[in-house]
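**Q** Dropping a structure here in structure tokens format, bear with me for questions.
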Amino acid sequence: MIDYDVIVVGCGPSGLMACGELAKRGVKVLGIDKKPQLDKNLRTVSGYCFLDQPFNNEVIRTEPNGSKTKLHYSECGFTVEYPDSMEGVYHTYMVADSGTYWKASTTKKPLYHLFDADKCFSARFGWAHKKGVDFLTETLVHKVAQDKNSVTVTARTRGKDSKITCRKLIAADGLNSRIARLTGANAGRQFFAKGPTMEYEMAGVECPFDRGDMLFFGKKNFGGMQGALLMLPSPHTNDSFRLETISMLPASNGEKLLEYFTREGPYAHWFKNAEIIDKSGAIVDLISPMITPYKGNILFVGDSAAFGECLYQSATMAGYMGAVCTLKELDGKKGFEEYTRFWGDYFEWVKNSKRMADYLKRTMFTRYFSIREIDFLFNLSRKYPIVMEQAEATPYDYAAMLLQSFQAMDEVPQEMKDQMQMIIDADMATISSVIGKNQEA
């Protein structure tokens, strides 16, 4: 006897969306997650949402709804509700360890909007629970077996094993997908890198910059340690920020970077009266995406099949489409093949490997130029402020926006402009050959 129609492993934004959508349609669903509570965010999240502009071939239109915000997915044809208003952010920075910085601003359309991950989780979990989803928390799936008509998982909950069966399984368990490893679904995928990221959310930060995101890089900012730090406004208060590291193994390096930056580094005075209100972290794998994101009766949605993070908005989209296509599978139709077409048509890195490279270029910008060259460029940007009505600032497009702003300046030598064009055009193979360049002048 089959226990559930569908088991969803991983109850992040993809998994919760899939759970709720299936239950809404009368499907018996079990959501499994290793976290003890599902209505709170427990891992690092940047907290930005790209609205009213294309991202992964979807445009999300916003509609204020009293104190809440409706998000209309115009291409996929569904709507979710965020339980608050969403603040637009109009400024973005990159800050070198010499103190020079690049700034770009928009005047009409925000670069992106802020959201609160806890509110997203609380709303999605509450909605899915009301739709009748069963949940099993503090549970790790450590065996998966399937035949033609069903999937059996062996799940360990607080030290006790149980076997649970379903007709279809949705793996929504993130970039380090355990289900993908257990089933051999990662065969043929190319591994690029693994790294820890840790996040402090801090209130009472005395930041003199206009409200926006800031990428700090350079060894002087981190006491000689390798890494970078992304500092984003938090929606909680105007003086609160999320500080997220980009660092190398071991995982303790993330905390070391944060502690140095906030206590001893050149900007430590910004944090003298600040307090940490939350901590979170994650280990992130970069691995080429699945081209065919299913295996037998198992569908891999969102980050579990991705190269990099889909981000909340696109993970939600993947969860919705995963539910719709799984429902078709339950009805005897080729729903997983339909999801595969969606996956390749919407997520750009599936069919165009260059978009994997584009996704990384912002945080790897410093590898392409010497410290002296970066200071020259950043000082030019202060001389000629970059102000636009609107700009495409998604992870795919940010680096091109940055480099094209310099290419437009007459004082930048042609040789540097050519180097910038090479970076804009670079694929993953080119990036691999460039990142070893010495940054010292």
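The values are calculated or read from the model by the stated rules, or taken from the named source; none is laboratory data. Predicted, not measured: the structure shown is a model, and the values here were computed from it. Positions of Cβ are generated from backbone atoms using ideal geometry, with glycine treated the same way; all protein chains shown enter the neighbour counts.
**Q** Would you tally the residues in the range 44-75 being of a type in the set (A, V, I, L, M, F, W, C), part of a loop (DSSP other than H, G, I, E, B) and buried (at least 18 other Cβ atoms within 10 Å of the Cβ)?
**A** Initially, the range 44-75 is screened for residues of a type in the set (A, V, I, L, M, F, W, C), giving 45, 49-51, 55, 59-60, 71.
Checking the rest, the ones that are also part of a loop (DSSP other than H, G, I, E, B) come to 45, 50-51, 59.
Subset that is buried (at least 18 other Cβ atoms within 10 Å of the Cβ): 45, 50-51.
Counting residues in the range 44-75 that are of a type in the set (A, V, I, L, M, F, W, C), part of a loop (DSSP other than H, G, I, E, B) and buried (at least 18 other Cβ atoms within 10 Å of the Cβ) gives 3.
**Q** Restricting to the range 133-176, count the residues that are closer than 18 Å to Lys34 by Cα, at pLDDT 95 or above, of a type outside the set (A, V, I, L, M, F, W, C) and part of a loop (DSSP other than H, G, I, E, B).
**A** Qualifying residue count, the range 133-176: 3.
**Q** Say whether the condition of being touching a residue at least 24 places away in the same chain (Cβ under 8 Å), within 16 Å of Val6 (Cα to Cα) and of a type outside the set (A, V, I, L, M, F, W, C) is met by at least one residue in the range 158-165. Spell out how you get there, then give the answer.
**A** First, the residues of the range 158-165 that are touching a residue at least 24 places away in the same chain (Cβ under 8 Å): 164-165.
Adding the requirement that they be within 16 Å of Val6 (Cα to Cα) leaves 164-165.
Of the ones still in play, those that are also of a type outside the set (A, V, I, L, M, F, W, C) are 165.
Yes - at least one qualifying residue is present in the range 158-165.
**Q** Could you list, ordered by first residue, the pairs with Cβ atoms under 7 Å in which the first is in the range 266-289 and free of Cβ contacts under 8 Å to residues at least 24 places away in the same chain and the second is buried (at least 19 other Cβ atoms within 10 Å of the Cβ), at least 6 apart or interchain?
**A** Listed pairs, sorted by first residue: Ala268/Thr262.
**Q** What helices (runs of 4 or more DSSP H) completely inside the range 334-441 contain at least 1 residues that are of a type outside the set (Ser, Thr, Tyr) and over 23 Å from the mean Cα position of the chain (by Cα)? Before the answer, list the steps.
**A** Details: elements: 335-346, 348-351, 354-360, 371-383, 398-407, 414-425, 428-434.
So the answer is 335-346, 371-383, 398-407, 414-425, 428-434.
**Q** If the requirement is being in contact with a Cys (Cβ under 6 Å, 6 or more places away or on another chain) and at negative phi, which of these qualifies: Leu71, Leu16, Leu38?
**A** Leu38
Here's the yes/no breakdown for (1) touching an Asp or Glu at 6+ places or on another chain (Cβ under 7 Å); (2) among the charged types (D, E, K, R):
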position	(1), (2)
Ile32	no, no
Lys40	yes, yes
Gly47	no, no
Gln53	yes, no
Phe78	no, no
Met86	no, no
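**Q** Another question, then. State yes or no: is Ser288 farther than 23 Å from Asp116 by Cβ, surrounded by fewer than 19 Cβ atoms within 10 Å (Cβ to Cβ), polar (S, T, N, Q) and within 19 Å of the chain's Cα centre (by Cα)? Give the steps one after another, and end with the answer.
**A** Working: farther than 23 Å from Asp116 by Cβ: yes; surrounded by fewer than 19 Cβ atoms within 10 Å (Cβ to Cβ): yes; polar (S, T, N, Q): yes; within 19 Å of the chain's Cα centre (by Cα): yes.
Considered against the rule, which asks whether it is farther than 23 Å from Asp116 by Cβ, surrounded by fewer than 19 Cβ atoms within 10 Å (Cβ to Cβ), polar (S, T, N, Q) and within 19 Å of the chain's Cα centre (by Cα), Ser288 comes out as yes.
**Q** If you don't mind, there's one more thing I want to ask. Within the range 112-133, restricting attention to residues that are touching a strand residue (DSSP E or B) at 6+ places or on another chain (Cβ under 8 Å) and of a type in the set (A, V, I, L, M), which residue is surrounded by the fewest Cβ atoms within 10 Å (Cβ to Cβ)?
**A** That would be Ala123.
**Q** Another question, then. Over 26 Å from the mean Cα position of the chain (by Cα), closer than 20 Å to Thr292 by Cα and of a type in the set (Lys, Arg): does that describe Lys148?
**A** Values: over 26 Å from the mean Cα position of the chain (by Cα): yes; closer than 20 Å to Thr292 by Cα: yes; of a type in the set (Lys, Arg): yes.
The answer is yes for Lys148.
**Q** What do you reckon, is Gly26 more than 20 Å from the chain's Cα centre (by Cα), at positive phi and at pLDDT 90 or above?
**A** Numbers: more than 20 Å from the chain's Cα centre (by Cα): yes; at positive phi: yes; at pLDDT 90 or above: yes.
Criteria met by Gly26.
**Q** Mind listing whichever residues of the range 349-371 are farther than 15 Å from Met94 by Cα, in contact with a helix residue (DSSP H, G or I) (Cβ under 6 Å, 6 or more places away or on another chain) and buried (at least 19 other Cβ atoms within 10 Å of the Cβ)?
**A** Those that are farther than 15 Å from Met94 by Cα, in contact with a helix residue (DSSP H, G or I) (Cβ under 6 Å, 6 or more places away or on another chain) and buried (at least 19 other Cβ atoms within 10 Å of the Cβ): Trp349, Val350, Arg355, Met356, Ala357.
**Q** In this structure, does Arg341 turn out to be touching a residue at least 60 places away in the same chain (Cβ under 8 Å), out of contact with any Asp or Glu (no Cβ under 8 Å at 6 or more places or on another chain), basic (Lys, Arg) and closer than 18 Å to Phe55 by Cα?
**A** Values: touching a residue at least 60 places away in the same chain (Cβ under 8 Å): no; out of contact with any Asp or Glu (no Cβ under 8 Å at 6 or more places or on another chain): yes; basic (Lys, Arg): yes; closer than 18 Å to Phe55 by Cα: yes.
The answer is no for Arg341.
**Q** Could I ask something else about it? With respect to Met388, is the statement that it is farther than 20 Å from Leu230 by Cβ and either in contact with a Phe, Trp or Tyr (Cβ under 8 Å, 6 or more places away or on another chain) or at pLDDT below 90 (or both) true? If you could, list the steps in order and put the result at the bottom.
**A** Working: farther than 20 Å from Leu230 by Cβ: yes; either in contact with a Phe, Trp or Tyr (Cβ under 8 Å, 6 or more places away or on another chain) or at pLDDT below 90 (or both): no.
The answer is no for Met388.
**Q** Additional query: Yes or no: Pro266 closer than 27 Å to Asp303 by Cβ and either assigned to a loop (DSSP other than H, G, I, E, B) or more than 21 Å from the chain's Cα centre (by Cα) (or both)? Don't jump to the end; show me each part of the working.
**A** Numbers: closer than 27 Å to Asp303 by Cβ: no; either assigned to a loop (DSSP other than H, G, I, E, B) or more than 21 Å from the chain's Cα centre (by Cα) (or both): yes.
Against the criterion (closer than 27 Å to Asp303 by Cβ and either assigned to a loop (DSSP other than H, G, I, E, B) or more than 21 Å from the chain's Cα centre (by Cα) (or both)), Pro266 does not qualify.
**Q** Considering only residues that are more than 30 Å from Leu403 (Cβ to Cβ) and in contact with a His (Cβ under 8 Å, 6 or more places away or on another chain), which ones fall in the range 101-128? Break it down stepwise before answering.
**A** Going residue by residue through the range 101-128, those that are more than 30 Å from Leu403 (Cβ to Cβ) are 116-128.
Listed by number, the list holds a single entry, Asp116.
**Q** Also, quick follow-up: In the range 194-250, what residues are small (Gly, Ala, Ser), modelled with pLDDT under 90 and assigned to a strand (DSSP E or B)?
**A** Gly195
**Q** Within the range 277-302, which residues are at pLDDT 95 or above and in a strand (DSSP E or B)?
**A** If we filter the range 277-302 for residues that are at pLDDT 95 or above, which is where we start, we get 289-302.
Tyr294, Lys295, Ile298, Leu299, Phe300 - these are the residues of the range 277-302 that are at pLDDT 95 or above and in a strand (DSSP E or B).
**Q** Could you list all residues from the range 303-333 that are at pLDDT 95 or above, crowded, with 24+ Cβ neighbours inside 10 Å and in a loop (DSSP other than H, G, I, E, B)?
**A** Selection gives Ala306 alone.
**Q** Which one of the conditions (1) closer than 19 Å to Val6 by Cα; (2) in contact (Cβ under 8 Å) with a residue 24 or more places away in the chain; (3) surrounded by fewer than 16 Cβ atoms within 10 Å (Cβ to Cβ) does Leu136 fail to meet, given that it meets all the rest?
**A** (3)
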